[in-house]
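Below: the structure, in structure tokens.
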Amino acid sequence: MPTNASTAAHALTDVTASHATLRRFLHGLPGVDAVGLEARAASLGTRSIKTTAKAYAIDLAISMVDLTTLEGADTPGKVRALGAKAVRPDPTDRTTPSTAAVCVYPDMVPAAKAAVAGSSVKVASVATAFPAGRAPLSVKLADVREAVAAGADEIDMVIDRGAFLAGDYLKVYDEITAVKEACGSEARLKVIFETGELSTYDNIRRASWLGMLAGADFIKTSTGKVAVNATPANTLLMLEAVRDFRAQTGVQVGVKPAGGIRTSKDAIKFLVLVNETAGEDWLDNHWFRFGASSLLNDLLMQRQKLATGRYSGPDYVTVD
Amino acid sequence: MASAFEYAPAPESRAIVDIAPSYGLFIDGEFVEAADGKVFKTVSPSTEEVLSEVAQAGTEDVDRAVRAARKAFEKWSALPGTERAKYLFRIARIIQERSRELAVLETLDNGKPIKETRDGDLPLVAAHFFYYAGWADKLDHAGFGPSPKPLGVAGQVIPWNFPLLMLAWKIAPALATGNTVVLKPAETTPLSALFFADVCRQAGLPKGVVNILPGYGDTGAALVAHPDVNKVAFTGSTAVGKEIARTVAGSRKKLTLELGGKGANIVFDDAPIDQAVEGIVNGIFFNQGQVCCAGSRLLVQESIEEELLESLKRRLSTLRLGDPLDKNTDIGAINSEEQLSRITRLVEQGEAEGAERWSPACELPSSGYWFAPTLFTNVTQAHTVARDEIFGPVLSVLTFRTPDEAVAKANNTPYGLSAGVWTEKGSRILAVANKLRAGVVWSNTFNKFDPTSPFGGYKESGFGREGGRHGLEAYLDV
């Protein structure tokens, strides 16, 4: 159970005192048995979510979507359309909840801001030389500051996977804290690990703790730009990390799987993972998000089917 | 688990299985009444609803069935292996085709969750038949010399915890090697064996090769004592196993026994904790702990006891107990009133002896036989709950300080069926596993079954191996 939050947080502050202490701490975390982790994720995937539970889960999932467009071809018009969709995902049914946020490149933040003005929808911006993160720190920080100045409510940063894989954890830590500082009190920080590039579950667990120690508000699986993105197993692992981190420090951190979640069925499986791992405190878009673009339309179609009993098909949801 | 995300009931439909109001014995390819007309009822343990009335085999029926099996043996054993394999492959495929029906049936008659029968029992049953079908024409190369011969008629007595799977473990290797069988299912779970009889007919299996005799202990006793039985295979309690060993002593019957256990699940301080917790849960709460190889003793290194128990208790609070047909149920019903009272008695004894009892908040259904998942802490080797097989969802937690102590405690039992070792250190796995006196040692997993892997016990957990190439030996004259 959570011990006294301030003392525990203090105990963990020592962890980041030096390269050696940080490394010792991260390498001292319990290992992850890959077979067991994947088996647990698969077994939770067999939960059968029907009727009222399904209706609840679909609405919850819609409210957790970070509706995303991260293309070189993005235009203000495209972002405007996306913003309108985020605010009112189903124009034929006003009871449909808004999504959590729209997620765009930094230069599109003003357009996004305008599009969602007056709604609960947040504007998230990727920054820090997304998706590769291969830029000098000064450039990354400028990227963040510009996005925040333009009104971004949330910043999705990428960690320096090269430094992480080279064992230079303190460098990664310092970068995250610097970005966190640049976010100030205005913007919440999501830290993207690009789990597909970290490749082992042990690394994902270490990265999760590293991110949380450095002050991440959210830990996020991936950019959506590499071959392996969010999976039930890596998300389960990160949910265990935020659960354990809160138990030790009293600080709650959110989780955002991103990339590759396309169907309602998949989204519901992730919500089951949340429910049965981190618990219901995370069943809220302040603490759990889906980074996705095509997922929303499938959720809307399933929502319509539950409401009407008919599957109307893709012509009855908007393409934005 | 009161949560905003309440899972709505998701029951598997019963409509897929058609249970007749009464069933006969299956002898010589026909369903027949018992010679003395006796019947007994089989109930669904989750509701106490009577499912069907089943003929109860007596001594005369045993004799009739053994004679049918003897008669069938001549032709069956003379068939080329490739021909016997065809029947076994056919049986395996029919089981796959009817797996949903059989899973629902098994859940109704046994009380275990549909999740387990659907994803565990049935796939393993089919896999077992497929596996031994593959051996039927390769016996020359099994390591028992050229053209090893079958034994004759096998008398097989199986338990109620995995009714169809135990049937598969017994019948598949027996038929593959050219024996014929008379099998007695447990009195609380006769239905899936009787449906299997129908599968045999559907597969066109020659009459008399498989005979099914539902009944109580006296039916089993008559079967194993029958003078024309060449091979006895039994899975069940150690007490009955000893009785059977006495019965067949001095006869020329070949005997294999798969008996009780008190498996130790050893968790070292460098274990993958989250997965170890899953393994502990799977080790003792799978099938409500009614598993002979259950990891019913948790041996945890003292330095992580508190942390591990905290995680374990949190995890137990998420277990969903209730309607076994609900697809989201993790813990089903105890198989019978008798078993429930045995569990209750042993747990009360544990409390009386001073062990600390804990269960998650958990509402038990008002009808049927139910027992909440239970942990005992402050347990020592001297406690009854650490020594006796409870055969229920009850875990005893003990601690150790060093690997040697873990091994000594794990082996300090008259049983020797299963054990588990949890550590991220490969060398420790090998070192500890080699010292454990248990037929199966799992590392960083538990209750993992595969037809290719031999299974069986040391000491009072029995002898002989089932599964794998080793499983052929019990049915061959070698």
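Readers should treat all values here as calculations from the given coordinates under stated rules, not as data from a laboratory. What you are looking at is a predicted structure, and each value in this text was computed from that prediction instead of being measured. Neighbour counts run over all protein chains shown; Cβ positions are idealised from the backbone, glycine included.
Of the chymotrypsin sites (Phe, Trp or Tyr not before Pro) in segment A:236-320, which ones lie in a loop per DSSP and count no more than 15 other C-beta atoms within 10 Å?
On the way: sites: A:Phe245, A:Phe270, A:Trp282, A:Trp287, A:Phe288, A:Phe290, A:Tyr311, A:Tyr316; in loops: A:Trp287, A:Tyr311.
The qualifying sites are A:Tyr311.
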B:Asp137 and B:Glu363 label points (each 7 Å along its Cα→Cβ direction) are spaced in nm at 5.8 nm
Please list, ordered by chain and number, the residues whose modelled amide H lies under 5 Å from the amide H of B:Gly208; skip anything fewer than 5 residues away on the same chain.
B:Asp28, B:Gly29
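Could you state the per residue volume, in Å³, of the convex hull enclosing the Cα atoms of chain A?
Values: hull volume 41.7 nm³, N = 320.
Spelled out: Cα convex hull of chain A, divided by residues, is 130 Å³.
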Starting from the 7 Å offset along Cα-to-Cβ, what nm value, one decimal, do you get for the label separation of A:Asp284 and B:Val478?
6.5 nm
Could you pull out every residue, at least 5 positions away or on a different chain, whose amide H is within less than 5 Å of the one on A:Lys122? Hs are placed 1.01 Å off N in the peptide plane, and Pro or chain starts have none.
A:Ala101, A:Val102
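Select from segment A:115-189 those GluC sites (Glu not before Pro) which occupy a DSSP coil region and have at most 15 other Cβ atoms within 10 Å, ordered by residue number. Please report the intermediate quantities before stating the final value.
Details: sites: A:Glu146, A:Glu154, A:Glu175, A:Glu181, A:Glu186; in loops: A:Glu186.
Counting only loop positions with at most 15 other Cβ atoms within 10 Å, the GluC sites (Glu not before Pro) in segment A:115-189 are A:Glu186.
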Which of the lysines could be linked to B:Lys435 by a straight reach, that is with a Cα gap under 19 Å, when you skip same-chain ones fewer than 8 residues away?
B:Lys262, B:Lys409, B:Lys425, B:Lys459
Checking segment B:275-367 for GluC sites (Glu not before Pro) in a loop per DSSP with at most 11 other beta-carbon atoms within 10 Å yields B:Glu363
Given bins 20 angstrom wide, list per bin the percent of all Cα-Cα distances in chain B, short to long.
25, 56, 19, 0
Which whole-Hz ³J(HN,Hα) couplings does segment B:61-77 yield from phi under the Karplus relation 6.51 cos²θ - 1.76 cosθ + 1.60, θ = phi - 60°, glycine and proline marked x?
5, 4, 4, 4, 5, 5, 5, 4, 5, 4, 5, 5, 4, 4, 6, 4, 6
Where the Cα pairs of segment B:264-443 fall when distances are cut into 10 Å bins, in %
10, 40, 36, 13, 1
Derived scalar couplings ³J(HN,Hα) [segment A:274-280; Karplus, 6.51 cos²θ - 1.76 cosθ + 1.60; whole Hz; x for Gly, Pro]:
4, 4, 9, 10, 7, x, 5
Residue-wise HN-Hα coupling along segment A:162-176, computed from phi with Karplus coefficients 6.51, -1.76, 1.60 (Hz; x: Gly, Pro):
x, 5, 4, 5, 7, x, 8, 5, 5, 5, 4, 4, 4, 5, 5
Students often get this wrong, so check it: of B:Lys38/B:Lys254; B:Lys71/B:Lys254; A:Lys50/A:Lys122; B:Lys38/B:Lys231; A:Lys85/A:Lys265; B:Lys41/B:Lys112, which have C-alpha atoms separated by over 23 Å?
B:Lys38/B:Lys254; A:Lys50/A:Lys122; B:Lys38/B:Lys231
Is there a simple number for the mean count of other chain Cβ atoms within 10 Å of the Cβ of residues in A:29-42, and what is it?
6
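For B:Ser303 and B:Asn434, FRET efficiency with R0 = 22 Å and r from the beta-carbon atoms, rounded to 0.05? Spell out each step's value before the answer.
Details: r = 24 Å, r/R0 = 1.08.
Efficiency, from the Cβ-Cβ distance: 0.40.
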Using helices alone, I'd like the mean residue ellipticity at 222 nm for chain B: each DSSP H run of four-plus residues gives -39500 (n - 2.57), total over residue count, nearest 500.
-11500 deg cm²/dmol
Using modelled backbone amide H atoms (1.01 Å from N, in-plane), which distant-in-sequence or interchain residues come within less than 5 Å of A:Gly254's amide H?
A:Phe218, A:Ile219
Take the alpha carbon atoms of segment A:84-103, find their center, do the same for segment B:1-70, and report the distance between the two centers in whole angstrom.
54 Å
For the Cα atoms of chain B, what angle does the longest principal axis make with the long axis of helix B:122-135, in degrees from 0 to 90, nearest 10?
50 degrees
From the Cα centre of segment B:428-469 to that of segment A:160-194, the distance in Å is 47 Å
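How much length is gained on full extension from B:Asp218 to B:Asp269, taking 0.36 nm per residue of separation minus their Cα-Cα distance? The partial results should precede the final answer.
Values: separation 51, 0.36 × 51 = 18.36 nm, distance 4.86 nm.
Fully extending the segment from B:Asp218 to B:Asp269 adds 13.5 nm.
Can you tell me how much longer the chain between B:Glu351 and B:Lys425 gets when fully stretched, taken as 0.36 nm per residue apart minus their C-alpha distance, in nm with one decimal? The partial results should precede the final answer.
Values: separation 74, 0.36 × 74 = 26.64 nm, distance 3.60 nm.
Answer, rounded to one decimal: 23.0 nm.
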Aspartates and glutamates with Cα under 18 Å of A:Lys180, excluding same-chain neighbours fewer than 8 positions away
A:Asp143, A:Glu146, A:Asp153, A:Glu154, A:Asp156, A:Asp160, A:Asp217
Tell me what chain A gives for mean residue ellipticity at 222 nm when only DSSP H runs of n ≥ 4 count, each as -39,500 (n - 2.57), the sum divided by the residue total, rounded to 500 deg cm²/dmol.
-14500 deg cm²/dmol
